Amino acid sequence: MKRTFRFYFALFFAKCTALVLKLIGRKGTSMPGSWAIILCPDFLGRMPLPEQVVLVAGTNGKTTVSNLVEDILTKNGVEYLCNRDGANVNTGIASSLIADSTLFGRPLHKLAIFEFDERSAPLILPYIKPQTFLCTNLCRDALDRNANVDFIVKLLNDNLWDGAKLVVNGDDLIASHLAPGNKRVCFGISELPRDREARPNLVRDIVACPQCDTPLQYDFLRYNHIGRAKCPQCGWGTFPIDYDCTQVDMDSMRFILQTPEGEESYRLPGENITDLYNTVTAVSFLRDWGLTYQQVSSALEQVELARSRYDVEEVGGKEIIFCLAKGQSPIASSRVFDFITQRGGSAAIILLNYDSHDQAHSSENMGWIYEVDYEFLRDGCVKQLIPTGNRCYDYQVRALLAGMEPERVCAAPKPEEAAALVDLDKVDKVYILHAVFTVGDARRAREELIRRINGKEVG
């Protein structure tokens, strides 16, 4: 689109807004872009873009994958523009472009990597046409806002341009079949020994072939709808996997990736299956993008997962695990519950995965609570479940319906009360599970827990 006086006025006003915010100590991740779009509604379409744009999407893992990609690129001296502070809708991306431009809008970097909220597709994709579209997975999430996964798929298919190269999770039969006419590269994880012991989940977002409605036959089902399958009637199913994780050694924390160039070994920076998927996603994209095995492998040895997502601290002989569970995402919460029971030991769980907006303005939609696999928590290693927030009694009821004994479930309406309810004599691990917008409450709970442990030690 042609740049107009209205566009330049919006750009100048947004830059001034960003400067004022910086002077008062604010990051300005969204407001400059908000003003630009208010003053010039098609601002994104008129804003000059870097030569190459990569959008990172997906229900779960897109922030972690974006951060891993960016950290590895940084270790290799590659300069780029990104929206790392998490403003992943149209206003946030506009703010990032504004900050990375001259007064006349010319971009300062040739490469942009933007985390992208799928719900914002109609507001972003008509204007920003990425060279690469990286998708981690697609599943039900935030039902009050996203309806169901079919709605998100339609938004993406209706707005994603046919020139975008897709790098997609081949183990996800929904994500891998996005934009059927586009060129794609698939990554995945072959069947692992642990998959033979996988426990069933309440949620499956695809069970039948979308072409002929025949029930799918899975070679293996890892969790929910993630696995490899085909339709016995028409053959629709899993694409050939270009980057395939074939082995995982949890003792050495390494995995083997079969690539078009051969077998490669990489460090695994986390112990959860979602950590493995996130790492395979980032490595596959970067290898396909053009970095060498040596460049990716050497950098991966030095990077860590974001501590706001997963962090372990030992205090007084107790492990305190700070972990993202992602509110209103049944699959994300279920993966964390499964992970906790797989780790074993004796554990207490402080559950702070409520949505901050729901906390302030309670919604009637509680459907997602009943799609989380609370049944995993019947495992004897979970000595206590302490849900908090406005929905704490709903979580409590759900846990009881799942078969947890009443004496193991104790609700705490106020998050600051949860740490006081942990029976430190019965557990050696305390998991503090938080959502994206409840990190502050989770940190306060951790601080109170540490104070209690230290006080107990002294006493």
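A short reminder: the numbers here are calculations on the coordinates, not readings from a lab. On a predicted model such as this, the values are computed, not experimentally measured, just so you know. Don't worry about glycine lacking a Cβ; one is built from the backbone with ideal geometry, like all the others, and counts go over all protein chains shown.
Net charge dipole, segment 310-458: roughly 180 debye, given to the nearest 20, about the Cα centre with Cβ charges of +1 for Lys and Arg and -1 for Asp and Glu. Quick one: work out the % antiparallel among DSSP beta bridges in segment 5-300, nearest 5. If I count the DSSP bridges inside segment 5-300, around 50 percent turn out antiparallel.
Could you give the Stokes-Einstein D for segment 310-458 in µm² per second, using the C-alpha Kirkwood radius, 25 °C, 0.890 mPa s? Intermediate results must be reported in sequence, preceding the final value.
Numbers: Rh = 15.0 Å.
In µm²/s, the coefficient is 164.
Reducing segment 41-100 and segment 397-425 to their Cα centroids gives an inter-centroid distance of 40 Å. Rounding to the nearest 10 and keeping the result within 0 to 90°, find how far the Cα-based axis of helix 90-99 lies from the longest principal axis of the chain. Between the helix axis and the principal axis of the chain, the angle is about 60 degrees.
Cross-linked pairs K383/K414; K2/K62; K27/K62; K15/K110: Cα-Cα separations exceed 23 Å for K2/K62.
Can you tell which of I432, T341, Q295 lies farthest toward the positive end of the dipole of the chain, using +1 and -1 charges on the Cβ of basic and acidic side chains (Lys, Arg; Asp, Glu)? It is Q295.
Would you mind classifying segment 162-235 by shape? Square roots of the alpha carbon gyration tensor eigenvalues, ordered a ≥ b ≥ c; an a/c under 1.5 is rounded, otherwise it is prolate if a/b is larger than b/c and oblate if not. Oblate, since a/c reaches 1.5 and b/c is not below a/b.
Relative protection proxy for 320-326, 108-114, from highest mean packing down: 320-326, 108-114 (other beta-carbon atoms within 10 angstrom).
To the nearest ten degrees, helix 5-23 and the longest principal axis of the Cα atoms of the chain are 40 degrees apart. Rounded to the nearest 20 debye, the dipole size of segment 37-83 about its Cα centre is 100 debye, using +1 on the Cβ of Lys and Arg and -1 on the Cβ of Asp and Glu. Counting Lys +1, Arg +1, Asp -1, Glu -1, what net charge surrounds L19 among other residues with beta carbon under 15 Å of its beta carbon? Around L19, the charge tally is +3.
Amide H to amide H, with H built 1.01 Å from N, C209 comes under 5 Å of T214, L216, counting only residues 5 or more places away or on other chains. When restricted to Cα atoms, segment 5-300 yields an Rg and a Dmax of 20.1, 63 Å, respectively.
Work through the residues other than K110 whose Cβ is under 9 Å from its Cβ and net out their charges, Lys, Arg +1 and Asp, Glu -1. Mind dumping the intermediate values first?
Values: positive: none; negative: E51, E79.
Value of the local net charge: -2.
Compute the length gained on full extension between L400 and F9: take 0.36 nm times their separation in residues and subtract their Cα-Cα distance, giving the result in nm to one decimal.
Working: separation 391, 0.36 × 391 = 140.76 nm, distance 5.82 nm.
In short, 134.9 nm is gained.
Helix 149-159 versus the longest principal axis of the chain: what is the Cα-based angle in degrees, 0 to 90, to the nearest 10? For helix 149-159, the angle is close to 10 degrees. Among T4, C212, P180, flag the residue with its Cα farthest along the positive direction of the charge dipole of the chain, charges on Cβ as +1 for Lys/Arg and -1 for Asp/Glu. The residue sitting farthest along the positive end of the dipole is T4.
What does the charge dipole of the chain about its Cα centre add up to, to the nearest 20 debye, if the Cβ of each Lys and Arg holds +1 and the Cβ of each Asp and Glu holds -1? It would help to have the intermediate numbers written out before the result.
Working: 51 positive and 59 negative charges, 310 e Å.
The dipole magnitude comes to about 1480 debye.
Kindly list the residues of segment 277-313 that lie in the label zone of R254, defined by a backbone N under 20 Å from the point 7 Å along the Cα-to-C-beta vector. Zone members listed by number: 277-284, 287, 292-305. Dividing the summed helix terms, -39500 (n - 2.57) for each DSSP H run of n ≥ 4, by the number of residues in the chain produces a 222 nm estimate of -10000 deg cm²/dmol to the nearest 500. Projecting the Cα atoms of Q258, T281, H109 onto the dipole axis of the chain, where Lys and Arg carry +1 and Asp and Glu carry -1 at the beta carbon, places H109 farthest toward the positive end. Mean separation of Cα pairs under 8 Å and 6 or more residues apart, divided by the residue count, gives the chain a relative contact order of 11 percent. For GluC sites (Glu not before Pro), the sites in segment 34-119 that DSSP calls loop and that have at most 12 other Cβ atoms within 10 Å are E51, E79.
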